[in-house]
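The values are calculated or read from the model by the stated rules, or taken from the named source; none is laboratory data. Treat the numbers as computed from the prediction; the structure is a model and nothing was measured. Neighbour counts are summed over all protein chains in view; Cβ atoms, including those assigned to glycine, are modelled from backbone coordinates with ideal geometry.
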Amino acid sequence: MKILVCDKTEMDAIEKMRAAGLTVDVRDEITADELPNVLPAYDGCVVRGRTLVRQPLIDLCPKLKVIVRGGVGLDNIDAAYARARGITVMNTPQASSASVAELAIGFMFALARSIYQTTASMKAGVWEKKKFEGDEIGGKTLGLIGVGNIGKEVAKRANALGMTVIAYDPYIQETEGVKVVSLDELFAQSDYISLHLPKTKESTNMIGKAQFEKMKTGVRIVNCARGGIVDEAALYEALVSGKVAGAALDVFAEEPPSDYKLLKLDNVIGAPHIGAATKEAQERVGAEVADKLIEFARK
């Protein structure tokens, strides 16, 4: 079975697949223009978030039997179409959950204590001790939108820090350590709102001007899920007006952004989609990719 690795994958995982008898070629910088000329020769492919596997590419690959996405989402793959063509589509939903959860919690601390702003001030050679009075996150209410693998990991950590955790998830009625509420209740009660859901037609721009109006004044928003779930124009207005006290964003509607207007606000901190970018997560992702492909090949 021939596998094309299209994005960065741990070498240990690649060697594990080869040891199991798979032919694995690594082209982890392959471009979208090159892919249609290369992928048709392969039975399977491994992608991360960089490589798009859309219907036109799938149609060019009659040999393709399996696509594995190293990561949580499948939004860069036309998964339904691939499955309709008899292609197995898999991902690694648990491998990076702890890393994303830790980033979300870290963002909350950074917002509560103005860590980015105080560091920038010190680097500029300014001592502004009286300017930066923060808040404790213990005792605050955290609203989770989405309580899948990552949301549950965030809830565990938030509970340990003394936060009250509530959540909205249309697919879950109850989960340990979390009170499940309606979306409007979550907006009304939360001091922090953290997003942990996939981007779909239903979730695109699900938080916009009308939803911000339902939130507490001074709420803080954390998005380590997907860009485009929060309407960035509406978020900008809410941040400028003070309705939202701060936002921490690891994901954006356009990556990289062509307009950094939102990130230039003093009450916004950001990162270039690094939620899963830890050594531990990358090792787990690679190992899970290898295990899934080896198991598939043995069927």
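Points worth noting:
- Test for residue 136: is it acidic (Asp, Glu), part of a loop (DSSP other than H, G, I, E, B) and either assigned by TED's automatic domain parsing to the domain that holds residue 198 or closer than 30 Å to residue 245 by Cα (or both): yes
- Extreme residue, farthest from residue 90 (Cα to Cα), among residues of the range 271-299 that are touching a helix residue (DSSP H, G or I) at 6+ places or on another chain (Cβ under 7 Å) and surrounded by 20 or more Cβ atoms within 10 Å (Cβ to Cβ): 275
- Applying the set (1) farther than 19 Å from residue 191 by Cα; (2) in contact (Cβ under 8 Å) with a residue 24 or more places away in the chain to residue 256 leaves exactly one unmet item: (2).
- Residue in the range 81-89 that is closer than 21 Å to residue 285 by Cβ and either in contact (Cβ under 8 Å) with a residue 60 or more places away in the chain or acidic (Asp, Glu) (or both) present: yes
- Subset tally (residues that are touching a strand residue (DSSP E or B) at 6+ places or on another chain (Cβ under 9 Å) and either polar (S, T, N, Q) or more than 13 Å from residue 102 (Cα to Cα) (or both)) for the range 158-172: 9
- Residue that is surrounded by the most Cβ atoms within 10 Å (Cβ to Cβ) [pool: residues in the range 17-32 that are of a type in the set (Val, Ile, Thr) and part of a loop (DSSP other than H, G, I, E, B)]: 30
- Considering residues of the range 34-52 that are modelled with pLDDT of 95 or more and among the charged types (D, E, K, R) only, the residue nearest to residue 255 (Cα to Cα): 34
- Residues that are small (Gly, Ala, Ser) and out of contact with any Lys or Arg (no Cβ under 7 Å at 6 or more places or on another chain) within the range 54-95 comprise 79, 80, 82, 84, 86, listed in sequence order.
- Residue within the range 272-295 that is in contact with a strand residue (DSSP E or B) (Cβ under 9 Å, 6 or more places away or on another chain) and either assigned by TED's automatic domain parsing to the domain that holds residue 115 or assigned to a loop (DSSP other than H, G, I, E, B) (or both) present: no
- Residue pairs whose Cβ atoms lie under 6 Å apart, sitting 6 or more positions apart in sequence or on different chains, and linking a residue in the range 213-236 that is on the phi > 0 side of the Ramachandran plot to a partner that is part of a loop (DSSP other than H, G, I, E, B), are 228/199; 228/204; 228/253.
- Residue 31 being more than 23 Å from residue 296 (Cβ to Cβ) and either at pLDDT below 95 or of a type in the set (Ser, Thr, Tyr) (or both): yes
- Members of the range 133-159 that are under 14 Å from residue 198 (Cβ atoms) and among the small types (Gly, Ala, Ser): 146, 148, 151
- Comparison of 125, 134, 70 shows that the only residue that is closer than 30 Å to residue 218 by Cα and in contact (Cβ under 8 Å) with a residue 12 or more places away in the chain is 134.
- Filter result (assigned to a helix (DSSP H, G or I), surrounded by fewer than 15 Cβ atoms within 10 Å (Cβ to Cβ), outside the structural domain of residue 160 (by TED's automatic domain parsing) and small (Gly, Ala, Ser)) within the range 79-133: 80, 84
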